[in-house]
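Asks: Take this structure first; my questions come after.
No value in this document is a laboratory result; all are computed from the given coordinates. From a predicted model like this one, the values you see are computed outputs, not experimental measurements. Don't worry about glycine lacking a Cβ; one is built from the backbone with ideal geometry, like all the others, and counts go over all protein chains shown.
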Amino acid sequence: MTFRALHQGLILAGFAGIALSVLGALLYVLQSRQLKSHQPGRLLFALPSLDRLDRLHFRALSFGLILFSTGLLSGLFRLKGLADLARFAKDPTVVLSLLSCGLYWAVLVVRASSLRRGHKIAVGTLVVFVFLVVTLLTTYVCPVGHTA
């Protein structure tokens, strides 16, 4: 396995974990709205409890973020000097990836500190996921290109 394949595999595995956490967050928001509406629908009985969805969200986000961060760091290990660092700093995909990773760490730290739980954390995860998808689209819209 090449270093590039490892880097890309970690990024994709992290993205999959984050996507699972987004699913948990989305289901949490749906379930929360059902409970607050005081008009239970079929969806209320089909979904797991809020506590279970919150745990799914937290665990998937934790594992996904660790894998995603490791993948980003492995890409930085490929730098051969300041010239490579300057080239990476100009790549919008790299900059936005680091920014979205930082935003997810902020969401995770706030969630782990028990300052906030539930609806606001779930919405924060969804918002950062949209940002992450936009970041991944910059690979195709603004390809700077990193050749191995």
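Asks: Suppose the chain between Leu99 and Leu76 were pulled fully straight at 0.36 nm per residue; how much longer would it get relative to their current alpha carbon spacing?
Replies: Here the answer is 6.8 nm.
Asks: Separate question: Using a Förster distance of 30 Å, how high is the FRET efficiency between Ala46 and Lys120, based on the Cβ-Cβ distance and rounded to 0.05?
Replies: 0.80
Asks: As an exercise, use a Förster radius of 35 Å and the Cβ-Cβ distance of Val130 and Thr2 to find the FRET efficiency, rounded to the nearest 0.05.
Replies: Plugging the Cβ-Cβ distance into 1/(1 + (r/R0)^6) gives 0.65.
Asks: Could you check the spin-label model distance between Ile66 and Tyr140? Points 7 Å from the Cα along Cα→Cβ, value in nm.
Replies: The two pseudo-label positions are separated by 3.2 nm.
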